[in-house]
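Laboratory data are not the source of any read-out in this text; all were calculated from the coordinates shown. Everything numeric in this text was worked out from a predicted model, so none of it was measured. Note: ideal-geometry Cβ built from the backbone for every residue, glycine included; neighbour counts use all protein chains shown.
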Amino acid sequence: MSGPERSAGTPMGLLDKVVAITGAGHGLGRREALEVAALGGSVVVAEFDADAGAAVVKEIEAGGGRAVLVAGDVADTAVADAIVAAAVDTFGRLDAVVNNAGFLRDRTFVKMTADEWDDVIRVHLRGHYAVAHAACVYWRDAGTGGRLVGTSSTAGLLGNFGQANYGAAKAGIVAMSSIIAQEMARYGVVSNVVCPAARTRMTAGAYGEIGGGDGWDFWSPDNVAPMVAFLCSDAAGAISGKVFGVQGDVVELYEPFTSVAFIRNDERRWTQDELAAGVPDLFAQAGRDPGAENMMARLRFSMTDRSKRAGGAAARG
């Protein structure tokens with residue numbers, strides 16, 4: 001099994017835990033499945049591509065772990081129910097769900113077709129809903145509590161050119177997770193979201209060629225898996241309703257959609273003239289441009305930035 005290996009000397013942070021991971025046949029989902037297995041967990045590999053999913057199951061079993069495959073469309077509620085059933089029937093319980101399945105249909109908004117919109121919303125947002133809903137019903141009825149980890153993106157938090165469908169779905173995942181965290185707290189369920197940045201088939205154009213080079217690879221998907229596994233563990237039981245950026249050796253905490261400035265009108269209804277005079281003060285207080293902004297330029301870590309640094313280092317060397 002490539003990635004982390006199970007060994008007697010390795011702390012088993014997920015020992016005896018059962019974790020269902022969607023989109024586990026490729027990319028981040030595969031790496032997360034291998035990480036959970038290496039930490040002692042049993043894995044339900046949920047994957048639309050049955051051959052890819054079966055290969056991950058074999059990889060986990062070859063490393064001494066336990067896994068079972070559920071093949072199908074995670075946006076289908078029958079498949080979502082089957083994922084929960086497979087966990088319970090095969091391993092006796094379900095402790096955590098990592099929703100990771102997704103794909104891209106990037107296009108500028110005026111050129112985007114209704115099918116391109118619907119397909120992305122279905123796989124990402126409805127897919128998160130279907131599996132999370134099935135798991136929450138199980139945890140409510142079983143009384144065991146559980147862990148939900150959703151997968152969003154900075155495209156959903158900040159917006160990204162050409163990704164109106166993807167960004168809308170990813171923003172919806174953050175809102176849904178926050179509400180689940182509030183509603184399911186009484187049942188011992190926590191719900192969090194990661195916004196990963198890594199080189200996979202879906203993001204190869206943004207983060208360079210898959211495979212990377214020798215030495216430390218900031219954009220390797222291996223770097224995301226430990227945080228996801230941590231959020232599935234008992235050690236993260238007090239964390240809920242939060243959004244984390246995860247890439248390389250960095251973990252960030254996001255605060256989406258917080259108030260950054262305000263104006264008041266002395267207990268009077270605003271007039272149009274007063275708004276025209278007062279609203280610019282909101283942007284002045286916040287230090288924001290009132291026009292359209294490229295919010296991705298505010299990222300702490302970007303492929304462009306790291307490429308420039310690497311190029312500079314090479315030139316100095």
### Summary
Against the 2.2 N^0.38 Å rule of thumb, the C-alpha Rg of the stretch 128-203 sits at a ratio of 1.22
### Query
Which distance in nm do the two modelled labels at ALA114 and PHE161 give, with both placed 7 Å along the Cα-to-Cβ direction?
2.9 nm
### Surrounding net charge for ALA142, when Lys and Arg each add one and Asp and Glu each subtract one, Cβ distance under 13 Å
0
### Query
Of the residues ARG269, ARG66, ARG300, which exhibits the maximal mean-square fluctuation in a Gaussian network model of the chain defined by a 10 Å Cα contact cut-off?
ARG269
#### Entry: Protection proxy ranking, peptides 177-187, 30-40, average beta carbon neighbours within 10 Å, highest first
30-40, 177-187
### Query
Do the sum for the chain: with -39,500 (n - 2.57) for every DSSP H run of n ≥ 4, divided by all residues, what is the mean residue ellipticity at 222 nm, to the nearest 500 deg cm²/dmol?
-12500 deg cm²/dmol
### Query
Is the shape of the stretch 56-160 best called rounded, prolate or oblate, per the rule: a/c under 1.5 gives rounded, else a/b larger than b/c gives prolate, else oblate, with a ≥ b ≥ c the square roots of the Cα gyration tensor eigenvalues?
prolate
### Message
Could you tell me the calculated FRET efficiency between ASP49 and ALA175, based on Cβ-Cβ distance and R0 = 35 angstrom, to the nearest 0.05?
### Response
0.75
### Query
Once Rh is set to the Kirkwood radius over Cα pairs, what Stokes-Einstein translational diffusion coefficient, in µm²/s, holds for the chain at a temperature of 25 °C and a viscosity of 0.890 mPa s?
118 µm²/s
### Query
Taking the Cβ-Cβ separation of LYS58 and ALA78 as r and a Förster radius of 25 Å, what is the calculated FRET efficiency to the nearest 0.05?
0.45
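So what is the relative contact order of the chain, in percent, for Cα pairs below 8 Å that sit 6 or more residues apart?
15 percent
Total Lys pairs in the chain closer than 24 Å by alpha-carbon, pairs eight or more apart in sequence or interchain only?
Step by step, the pairs that qualify in the chain add up to 4.
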#### Entry: Of GLY278, VAL56, VAL149, farthest towards positive along the dipole that unit charges on Lys, Arg, Asp, Glu beta carbons give the chain
GLY278
### Message
As I understand it, the value is the acute angle between the Cα axis of helix 77-91 and the longest principal axis of the Cα atoms of the chain; what does it come to in degrees, rounded to 10?
### Response
40 degrees
### Task
Please report, to one decimal in angstroms, the Kirkwood hydrodynamic radius of the stretch 245-294 built from all distinct Cα-Cα pairs.
13.8 Å
### Message
Quick check for me: using +1 on Lys/Arg Cβ and -1 on Asp/Glu Cβ, what's the dipole size of the chain about its Cα centre, in debye to the nearest 20?
### Response
460 debye
### Rounded if a/c under 1.5, otherwise prolate or oblate - the stretch 1-134, Cα gyration tensor axes
prolate
### Summary
So the angle from the long Cα axis of helix 27-38 to the longest Cα principal axis of the chain, reported in degrees to the nearest 10, equals 50 degrees
